[in-house]
Amino acid sequence: MNIHEYQARDILRRYGVPVPPGEIARSADQAESLAAGFGGHVVIKAQVHAGGRGKAGGVKLARSSAEAREHASRILGMTIKGLTVEQVLIAPAEDIASEAYVGVIVDRASKRPVFMVSREGGVDIEEVAARNPEAIRKLAIDPRYGLLPFQAYTLATALYDGIDQQRACARILQQLYRAFVESGASLAEINPLVTTPAGEVKALDAKMNIDDNELFRHAGIAALRDTSSEPVAETTARDAGLTFIKLEGNIGAVVNGAGLAMATMDLIKFYGGEPANFLDIGGSSNPEKVVNALRIITSDPAVRVICFNIFGGITRCDDVANGIVEATKRIEIGVPLVIRLTGTNEEAALQILGKAGFGATTSMDEVVQKAVELAAAAGGEA
Amino acid sequence: MAIFIDESTTVVVQGITGRDGSFHARQMMEYGTRVVAGVTPGKGGQFFEGPGGVEVPIFDTVEAAIAGTGADTSVIYVPPAFAADAIMEAAAGGTRFVVAITEGIPVLDMTRVHAFVRDCGVRLLGPNCPGLLSPGKSKVGILPGQIATPGPVGLVSRSGTLTYEVVYQLTRAGLGQSTCVGIGGDPINGTSFIDCLEAFEADPETRAVVMIGEIGGTDEQEAAAFARANMSKRIVGFIAGQTAPPGRRMGHAGAIISGSAGTAAEKIEAFERASIEVARKPSDVVGLVRKLL
């Protein structure tokens, strides 16, 4: 789950990280009065779940509250990487002497949290990594001990030369690590971590991604989810325990398992069709999940055919079959269903479907080809 | 021969009285797996009724289960909030191999689990995986037993149901398997592609290997480099997610394209550099395997 910069700033502030003040505005009026409160010299930052906000024109500096109003009215409502900006952060502009990057992520390769720090802050860290990998200092952390004081200090010496700034930075790294672990994050970064002409070290920006699997133990963080910028169907699907991603095609797909779902999308394209969605009903599915899946897919008017590709393991084919039958009783499907179903409790499933008048195949290539044909035929009529 | 499990493997099921645990304990027993114990805290001393009225003793802890039955392998079906602890309990309790089926374990939990299990000297498979199956000998996990048949093909996959798909097609084509391993799709897992390739290379029964990957991460690229340097046996590879839109999470925490690292194109290129035969769709695997045998 992504959270907004202002939300990440609030979390880091709670852990003691020196983060300058900042407030959220949802209108130009609000932006102007907040800017006036900060003395007029402020930065206006779009709050969207996308990187590259600055390049897209979503971050502006204002010298007066009137100018802040102007910038805010332009930024609010603009789209950045397909996402509409609905709120801006207004924060006092800071005088900056240097900009560094600090971040911690869960690293697949070392199977540990890894800190990355660089003197080259304020820019896209992936670019730095590609252009000048030596400019990034990395350190893997043993999660059982956490970030040890000497490790935090060693990282700090890679960024700063004076003992005061090194100590301040080491403290911030410890606070960042605690926030990272206790929030259930998969990424937490400060970019830029700045020094002021007076020598203070401050976090001007914050970014955190939360591991979805942690949300059950962090109700406060789960409540930070902003669903305003995502398609309604994706929110509905998540609430129903499904993973759904809307795509541009006309072949709806209901699959169990992410790998098979991706392979099904690939195969639809291979045979010349276009998938309307990625939908994984997951394991241990009960019939209700299938009903919800069909409800979500049929709400997309572009869909011409729905293709089931179920390979039962922990998912029982009879549960899926019951879900299909139940769904056709409760909702108007309106488009043909093509069904492929094999694996755990396959015989029972075929019986249930047969009784309700549905055919089913056991071949994935066959069901996908059939779906592509039906979509092409229906596409001509639409 | 087979890798990791065979007819001598004895299994303790953690979470044997739950919905999934009890269902799959029965399925494993029907397949012929030697399920010798179950663990559910508070139900120690009771019995789990398997197929044909066979009674499996239930214990409160893994330690007690192993003291009572000598089980060498654990399979875990407990809910995500308790799964990390269950894996560490199995590793500390004296098993040699732990298979974690549970989906949804927090990744930070897994960073600690990984270090703990490694220190115990125990092999972990998963989490968020379907387990493994040595056809005709033993299955540990949730793979449907009837889709597999004994033979010379070793199979390793990051996916669950896509694994079944390929195994099923191999079986229908008369190409049996030595062992089918689902390593799971989470960012941090116990057994890697490389661990499986190494084991298949050493297994005299395995004559060719099928490796099924997904977008996200660099495990497949590293496995390809390993194969190029260390494998005499030939490999057929497939990558799922060739048409996935970039930057979107496709269900598995592992299947995320970040920057240029982890795209299907990149992985396919790494396979080709390592002389791995690349299948364009799952049903092409059969023909390519046949060519190698």
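Only the coordinates and a few stated rules stand behind these numbers; no lab work does. The structure presented is a predicted model; accordingly, all values stated were derived computationally and were not measured. FYI the Cβ positions are ideal-geometry reconstructions off the backbone, even for glycines, and counts take in every protein chain you see.
Just a few scattered comments:
- Mean Cβ count within 10 Å, highest first, over the residues of peptides A:171-180, B:162-171: B:162-171, A:171-180
- Listed peptides A:141-153, B:192-204 by packing density, highest first (mean Cβ within 10 Å): B:192-204, A:141-153
- If only the Cβ of Lys and Arg carry +1 and only the Cβ of Asp and Glu carry -1, the dipole of chain A around its Cα centre is close to 540 debye.
- For chain B, the longest principal axis of the C-alpha atoms and the axis of helix B:264-273 are separated by about 80°.
- All-pairs Cα distance distribution in the range B:131-292, expressed in whole percent, bin size 5 Å: 2, 10, 21, 24, 22, 14, 6, 2, 0
- Multiplying the residue separation of B:S232 and B:E63 by 0.36 nm and subtracting their alpha-carbon distance yields 56.8 nm.
- Reduced Cα scattering model of chain A, Debye log10 I(q)/I(0), q = 0.09, 0.13 Å⁻¹: -0.68, -1.03
- Other protein chain Cβ atoms within 10 Å, averaged over every residue that makes up A:86-97: 0
- The range A:40-107: trypsin sites (Lys or Arg not before Pro) falling in loop per DSSP and having at most 10 other Cβ within 10 Å: A:K55
- Amide hydrogen neighbours beyond the local backbone of A:N250, cut-off 5 Å, H modeled: A:E274, A:A276
- A simple spin-label model places pseudo-atoms 7 Å from Cα toward Cβ; at A:A348 and A:R119 they are separated by 6.7 nm.
- Note on B:A173/B:V54: beta-carbon distance plugged into 1/(1 + (r/R0)^6) with R0 of 45 Å gives a FRET efficiency of 0.85.
- Mean ellipticity per residue at 222 nm, deg cm²/dmol - from DSSP H runs of n ≥ 4 across chain B, formula -39500 (n - 2.57): -10500 deg cm²/dmol
- Close amide-amide hydrogen proximity is noted between A:T361 and A:I339, A:R340, A:L341, each under 5 Å apart and 5 or more residues distant or on a separate chain (H modeled in the peptide plane; Pro and chain starts excluded).
- Coordinate range of the alpha-carbon atoms in the range A:98-222 per principal axis, descending: 43, 30, 25 Å.
- Pairs exceeding 32 Å between alpha-carbon atoms, taken from A:K370/B:K233; B:K139/B:K291; A:K81/A:K202; A:K329/A:K370; B:K233/B:K281: A:K370/B:K233.
- For the pair B:S8 and B:E269, label points projected 7 Å from Cα toward Cβ lie 4.6 nm apart.
- Global size of the range A:207-269 as Cα Rg and Dmax, reported in angstrom: 14.3, 41
- R0 of 30 Å, Cβ-Cβ distance A:D29-A:D226: FRET efficiency to nearest 0.05: 0.90
- Computed from the alpha carbon positions, the gyration tensor of the range B:10-125 leads to an equivalent ellipsoid with semi-axes of 22, 14, 12 Å, biggest first.
- Selection among A:Q166, A:A140, A:L374 by position relative to the dipole of chain A gives A:Q166 as farthest towards the positive end (Cβ unit charges, Cα centre).
- What separates the Cα centres of the range B:155-175 and the range A:343-382 is a distance of 21 Å.
- Taking 0.36 nm per residue of separation and subtracting the current Cα-Cα distance, fully stretching the chain between A:T154 and A:A129 would add 7.0 nm.
- Judged by the gyration tensor of its Cα atoms, with axes a ≥ b ≥ c, the range A:79-123 is oblate; a/c meets the 1.5 cut and b/c is at least as large as a/b.
- Computed over neighbours whose Cβ is under 9 Å from that of B:T179, the net charge equals -2, Lys and Arg +1, Asp and Glu -1.
- Global form of the range A:315-367, assessed from the alpha-carbon gyration tensor, a/c cut-off 1.5: oblate
- Estimated inter-spin distance, A:I333 and B:E198, nm [label 7 Å along Cα→Cβ]: 4.9
- Note on A:K138: lysines with a C-alpha under 20 Å away, same-chain residues under 8 apart excluded, are A:K111, A:K207.
- Angle between chain A longest axis and helix A:65-75 axis [Cα atoms, degrees, rounded to 10]: 20
- Sorting the segments B:103-113, B:19-29, A:214-224 by their mean number of nearby beta carbons within 10 angstrom, highest to lowest, gives B:103-113, B:19-29, A:214-224.
- FRET efficiency estimate (nearest 0.05) - Cβ-Cβ, A:A378 to B:F47, R0 45 angstrom: 0.20
- Directionally averaged shadow of the protein assembly as shown, computed from the convex hull of its alpha-carbon atoms, nm²: 31.2
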